[in-house]
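The values are calculated or read from the model by the stated rules, or taken from the named source; none is laboratory data. Because the structure is predicted, anything quoted here is derived from the model rather than measured. Cβ placement follows ideal geometry from the backbone for every residue including glycine, while neighbour counts extend to all protein chains displayed.
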Amino acid sequence: MMRLMLMMALLCSACEAPPVFAGEEGDERQKGPALGRIEGQVIVGTATRGRIVLFLYDAARPPPPVGTGRPLTFTVVSRESVFGAALDGDTGPFTAPFAFSLRGPGRYLIRGFVDSNDDFIPWYGVTADTTQGDVGGAAIDPVTRASRVVEIGVDEAGLPIPALDVPVSFSDAAKLPVDRPIFSVVGGMESVMLNGQPKVIELQATPINEGVMNQPTPAFLVRFVDDNADGVPDDANGDGIPEVWPRVVVRKIQTGPNPLIDENDVDKNGIVDAVGESYEHSNAPDDDQPDVVVLAAGFDVTEYAPALVDAMGRVKTTPTAVPRLKLVLQPRAFDAANPTAPQPIRAVPIGHYAITVIQQTGQTWRVPNELGLEDALRPVGLPLVSSQSFVIKVQ
């Protein structure tokens, strides 16, 4: 029951934990258009305490696990503003105001979490995501419970119409059971070569508890995909192989001293560059447009399959935490610049590739990352973890 799937729905980023770029709002202001704002209340129903971190996304580029969008900006609501002098164990609900200012007209999504461990550092991919005990939240439709699209419109005079009274809800139903899916490759290898045959490597959940990193309980949350809730594992592409969580993307990165940069995303904003590397497609002439090169890859969960269904053979609604997963790499590449119509590439492009694991919780982990950089490049305060420099090589 080997799962070999191309993560075609992964849009145009490798889905590393979301960096946020200082000066973005100032840059937008310098362009001259009238800017609006989004204001509302966080509504928090939990005994978990911590500051509230809110992210703003372009609605066309949602974050994991739905997509791979990166936040346009973020804001923080202090613990004191939300919880005040509330007693331990009090679940509220608690409320506090928030605002995103200097935003242009558009459609947005809001996600967030209660930072229970006070360990969110937005500037590094390895510290910019949720960890065990954090409580997730979002702006949702009160009737359908689906994500709410928050819109800053434009009036007849061309001025932005602010989005006001937007509620963002948090509850223990979205409490994170484990840390991020931090992994290393079993065997202690620095790299693996992918030639003309499939390659199987094993990923091991790897705790890191050093410096500013405090994630002792990483795990892979494995579950058959059952989006239509009929109890049967989904097989959207009809290949006879059930789809599973977590998902994986193996994307080509720049070859050089800094392996954190995806090829054709030099500014790391998650959007394919206007100018960059282009490769010959198998079924069409080269369009000379920059490609988002991903390998065909997927997890083989054969050994865990019996634990993923109940006594009636129906898909369990809760995931099973496991310490290891087999990753199968195929010597086939695709251009996923258009995620709805990925194009096969004639020959697998030579270079280095990064692995990103995406949990159904939206938590992600990518290798290589900042922890594997050389001393001269690694940000101050992050430990050196040699396993985090692993790459897949194609020659």
Original post:
Counting only residues that are assigned to a loop (DSSP other than H, G, I, E, B) and either on the phi > 0 side of the Ramachandran plot or in contact with a Leu (Cβ under 7 Å, 6 or more places away or on another chain) (or both), which one in the stretch 331-347 is modelled with the lowest pLDDT?
Top reply: Pro339
**OP:** Please verify whether the stretch 134-148 includes one or more residues that are closer than 21 Å to Leu373 by Cα, in contact (Cβ under 8 Å) with a residue 60 or more places away in the chain and small (Gly, Ala, Ser).
**Re:** no
Original post:
Consider Ala146 against the criteria (1) surrounded by 15 or more Cβ atoms within 10 Å (Cβ to Cβ); (2) assigned by TED's automatic domain parsing to the domain that holds Val44; (3) under 20 Å from the mean Cα position of the chain (by Cα): it satisfies all of them except one. Which criterion is unmet?
Top reply: (1)
Subject >> the stretch 35-68, residues that are within 24 Å of the chain's Cα centre (by Cα), of a type in the set (Ser, Thr, Tyr) and assigned to a loop (DSSP other than H, G, I, E, B) >> reply: Thr48, Thr68
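Residue-by-condition table, conditions (1) assigned to a loop (DSSP other than H, G, I, E, B); (2) out of contact with any Asp or Glu (no Cβ under 6 Å at 6 or more places or on another chain); (3) modelled with pLDDT of 95 or more; (4) hydrophobic (A, V, I, L, M, F, W, C):
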residue: Val82; (1), (2), (3), (4): no, yes, yes, yes
residue: Thr91; (1), (2), (3), (4): yes, yes, yes, no
residue: Ala99; (1), (2), (3), (4): no, no, yes, yes
residue: Leu109; (1), (2), (3), (4): no, yes, yes, yes
residue: Gln132; (1), (2), (3), (4): yes, no, yes, no
residue: Val143; (1), (2), (3), (4): yes, yes, no, yes
residue: Gly153; (1), (2), (3), (4): no, yes, yes, no
residue: Asp165; (1), (2), (3), (4): no, yes, yes, no
residue: Val178; (1), (2), (3), (4): yes, yes, yes, yes
Subject >> Selected residue (criterion: surrounded by the fewest Cβ atoms within 10 Å (Cβ to Cβ)) from residues of the stretch 149-170 that are of a type in the set (Val, Ile, Thr) and farther than 20 Å from Pro93 by Cα >> reply: Ile161
Original post:
Can you name the residue in the stretch 282-297 that is in contact (Cβ under 8 Å) with a residue 60 or more places away in the chain and either surrounded by fewer than 13 Cβ atoms within 10 Å (Cβ to Cβ) or among the polar types (S, T, N, Q) (or both) and, of all such residues, is nearest to Ala354 (Cα to Cα)?
Top reply: Ser282
**OP:** Consider only pairs whose beta carbons are under 6 Å apart and that are at least six residues apart or on different chains; among these, list those whose first residue lies in the stretch 330-346 and is among the aromatic types (Phe, Trp, Tyr) and whose second residue is assigned to a loop (DSSP other than H, G, I, E, B).
**Re:** Phe334/Leu6; Phe334/Pro342
